[in-house]
Structure formats: C-alpha cells, structure tokens
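Encoded as structure tokens, the structure appears first; notes follow it.
Nothing in this text is a laboratory measurement; each read-out follows from the coordinates by a stated rule. Computed from a predicted structure; not experimentally measured. Positions of Cβ are generated from backbone atoms using ideal geometry, with glycine treated the same way; all protein chains shown enter the neighbour counts.
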Amino acid sequence: MALLRDKTQPYSTIKLPLGLLNFFTYGTMVIFAAFFQLYLLDIGMDKLEIGSLMAAGPLVSLLAHPFWRSLSDRGRNIRVMLLMMMVGLLIVGHLVFKVNTYPMLYFSMMLLFFFQTPLLAHTNSLTLGYIEDMGQKFGAYRLWGSLGWTFVALTAGPIIDSVGQNGISLLFSVTLMLAIGSALLLPTIRKTTNTPIVTPVQIRRTLQNKYFVAFVLFGALVSLPNAINSIFLPLFISDLGGTRFQIGVAFFLSTLFEVGAFVLLNLFLKKKLTYLMGCLTVVSLLFALRWDLMAGATSPVQVILIQVLHAVTFGGFFHVGTRLTALLLPRPLRSAGQAVYTVALSGITGIVAGLLGGWIFQNFGPVVMYKMGVILTVIGAIGFGLMWNRLGKNGYAPALPQPEED
C-alpha cells in the first residue's frame with residue numbers, strides 16, 4: 001500500500017477504535033448470516049424463494065467487489081469508502097425490513113448485497129493499512145472480529161425474541177451504527193487496497209494449467225454443500241424445533257475453534273504439494289462425514305454438536321486450498337489463480353447453492369439435501385485423491401507462463 005498518512009499518528013489512538021470496528025462489523029455480518037433467513041420465513045417465503053434470494057448475494061458480489069476496490073484505489077481512501085458502504089448498508093437495510101412486496105424485496109436485497117458483500121474485505125484492507133507501519137499483527141484484530149461474531153451470535157437470538165417482530169431490524173441497525181461510530185473515531189488514512197490487477201491474459205494462462213483447473217473443479221464440488229449448509233442451517237434447526245438462541249449457539253461453536261484451527265495449521269502444515277493434497281483429501285472426507293451426520297440429525301442439539309466440525313473442515317479446506325493455489329501456479333500467475341479460485345468457490349458455488357439447495361430443501365427435505373452433499377463431497381475427495389496419487393508418482397513443477405504471440 002502506498003503510504004500517504006502521517007507516521008507520527010500515535011498507535012494508542014488507533015488500537016481500540018480499530019478493534020471495535022472489526023468487532024461490530026463481524027457482529028453485523030453474523031446477524032445477517034444466522035437470522036435473516038428466519039425473518040424471510042416469517043414473512044411467508046418458502047425455502048426455494050429464500051434460496052433464490054440468497055443466491056443473489058454471490059452474484060452481486062462479482063460486480064460489487066471490483067467496483068468498490070476500484071473506487072478505493074482511485075480515491076486512495078479506504079476509510080471513506082468503508083463508511084460509504086456502511087451508511088449505504090444501514091439505509092438499504094432499513095428499506096429491506098419495510099418493503100411489503102416481493103419485487104421490492106428482491107430489488108432492495110440486490111442493493112443490500114451491493115453494500116454488504118465487500119464489507120469484510122475492505123475492513124481487512126483498512127486494518128492492514130493502519131497496522132503495517134506499527135509492527136502489529138493482523139491476527140490480533142481478526143480475533144476482535146471473531147469475538148464480535150461469537151458474542152453477537154450468542155446474544156442476538158434472545159434479544160430478537162424479546163423485542164419481537166422488529167428485533168432483527170433494530171439489532172442490525174444498532175450494531176452497524178456502532179461499527180460506523182468506530183470507523184469515525186479512526187484518524188484519516190490515505191492508502192490504496194494494493195490489490196494486484198489481474199488481466200484477461202493471466203486468467204487465460206491460469207486456465208490452461210490442467211492441474212489447477214482440476215483442483216478448482218474438485219474444490220467446487222466440496223465447497224458447494226458447505227455453501228448450502230451456510231444458507232439453510234438456520235432453517236434446518238428451526239424445522240427441528242430449535243430456537244433462535246440455539247441457532248446462535250450453532251454459529252458460535254462453528255467459529256469458536258476456528259482461530260485455534262488456523263493457528264495449528266500454520267504451525268504444523270508442511271509446504272509440500274503432495275502433503276497438502278493428501279491433507280485436502282482427508283479434510284474432504286471429513287466434510288462428507290459431517291454432511292452424513294447432518295442428514296441423520298433429529299434434534300437441534302445434535303446439529304449444534306456437529307457444527308463443531310466446522311473448524312476442522314472449513315478451516316482446513318480454506319487454509320490448505322489457499323496454499324495449494326500458490327504451489328500449483330508459477331509466481332506471475334498466483335494472483336490470477338487466487339481470483340479464479342475465489343470466484344469459483346465463493347461466487348459461482350454460492351449462486352448454485354442458493355438455487356439448488358432451496359429447490360431440494362423445498363421439494364425433498366433436508367435429509368436429501370445433505371445426502372446430496374455427501375455424494376458431491378465424496379466425488380471431490382476422490383478427485384483430490386487421484387491428483388494426490390498422480391502428483392506423488394510423477395512429481396509436479398508449475399510451468400512458467402509462455403509469452404503472448406503477436
């Protein structure tokens with residue numbers, strides 16, 4: 001990031017507001033992730049309609065992320081862009097809870113996703129911008145975010161129930177306003193996001209790497225059931241007779257051990273391609289076990305306990321997959337590879353998860369939905385296993401990109 005801020009700014013004036021910004025931003029996100037689907041159910045939408053609406057998020061994010069990143073880099077002021085996102089989210093969020101027709105709901109949700117989907121990425125960029133010259137570690141502020149996510153997840157359910165029909169709207173607005181207040185307490189910073197520009201040529205060269213393409217396709221098969229679970233877990237717990245508090249506990253437990261999982265993975269994972277591919281195969285099989293357990297769950301308590309596996313499965317899959325992206329490609333193509341990996345496993349699978357998961361849940365029920373997740377994940381695990389075997393026998397070195405012909 002290009003430094004344009006006064007280096008004499010004391011760190012003590014930044015630490016607490018920056019920590020609170022992460023705390024309340026992540027807290028706002030968990031309200032949406034854990035409880036918004038129940039609001040949609042309460043106003044009369046079925047599972048397919050809810051899934052279709054939630055699928056709009058990853059679709060809008062494909063446009064929202066580059067738009068806000070470009071705007072931040074041109075203005076060289078991430079803090080102002082972040083404030084614009086949060087104020088826009090506050091206004092549109094208020095509109096979402098006031099509309100009374102489906103067309104207006106879909107329109108307002110598209111606007112909400114436009115402001116909401118890039119919010120965490122820009123919060124991370126802003127955090128890095130403040131701390132990079134001060135010898136501070138990003139993990140400490142990411143921990144503030146995890147604490148906000150877990151604390152709000154635990155407390156939101158009872159608060160929403162006690163307030164009544166407008167509980168989720170009120171809690172969403174208050175938490176987001178606290179995030180805005182924290183951002184306003186931060187001093188001015190003039191930096192860019194420092195996001196590498198990915199060109200179409202780099203994307204094309206990346207997609208010519210057959211190992212990387214196979215890795216992304218098998219990863220999408222494993223990632224799809226996880227995206228379905230993220231959308232429909234609150235509805236599944238509700239169908240089993242669970243309360244909002246129990247839904248919050250499920251999200252709390254899924255995050256509680258995630259930080260520990262990342263720390264252990266950083267300490268003990270070897271940076272060796274075949275070793276990591278073997279780890280990814282094992283993690284994928286654990287994913288399949290998790291979905292099989294979910295298909296057999298008959299009470300909210302069982303689902304809550306199964307969610308503890310999230311730290312190992314999602315944490316391991318995300319961490320190992322990110323490392324493999326770098327090892328499968330030569331250095332000049334790694335940014336393009338990371339972009340392809342993110343779009344495939346977060347964008348495209350998120351869209352498919354909302355539509356396919358909602359259709360299966362609505363017409364065949366959650367057991368079939370999770371059984372389908374087992375099948376897809378096992379196919380992905382077999383694919384990773386075959387890649388592991390092939391790489392172990394033949395070895396692998398990422399090919400250098402060839403120059404473009406005139």
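Data overview
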item	result
Tensor-based shape of the stretch 312-351 (alpha-carbon gyration tensor, a/c under 1.5 rounded, otherwise prolate or oblate)	oblate
Inter-label distance for Leu170 and Ser299, nm, one decimal - labels placed 7 Å from Cα along Cα-to-Cβ	3.3 nm
Kirkwood hydrodynamic radius of the stretch 195-325, from inverse mean 1/r over distinct Cα pairs, in Å	16.3 Å
Which label in [x] -0.46, -1.27; [y] -0.24, -1.41; [z] -0.21, -1.25 gives the computed log10 I(q)/I(0) by the Debye sum over Cα atoms at q = 0.06, 0.14 Å⁻¹	[y]
Additional length obtainable on full extension of the chain from Val367 to Thr155, 0.36 nm per residue less Cα span	73.4 nm
Charge context of Met387, other residues only, Cβ under 13 angstrom, K/R +1, D/E -1	+3
Where N is the number of residues in the stretch 252-406, Cα Rg divided by 2.2 N^0.38 Å	1.18
FRET E, pair Leu327, Lys98, Förster distance 41 Å, beta-carbon r, rounded to 0.05	0.25
Cα-based Rg of the stretch 86-155 normalised by 2.2 N^0.38 Å, two decimals	1.45
Mean projected area (nm²) of the alpha-carbon convex hull when the stretch 78-231 is viewed from all directions	12.8 nm²
Stretch gain in nm, segment Met177-Arg142, where the contour uses 0.36 nm per residue and the Cα spacing is subtracted	10.6 nm
Volume of the Cα convex hull of the stretch 171-265, divided per residue and given in Å³	211 Å³
Estimated 222 nm signal from helices in the chain, with DSSP H stretches of n ≥ 4 weighted -39500 (n - 2.57), rounded to 500	-26500 deg cm²/dmol
Fraction in percent of alpha-carbon pairs per bin - 5 Å, the stretch 260-323	3, 18, 26, 21, 14, 9, 6, 2, 0
Total lysine pairs under 25 Å (Cα atoms) in the chain, excluding pairs fewer than 8 apart on one chain	17
Range of Cα positions in the stretch 14-157 per principal axis (Å), largest first	51, 37, 21
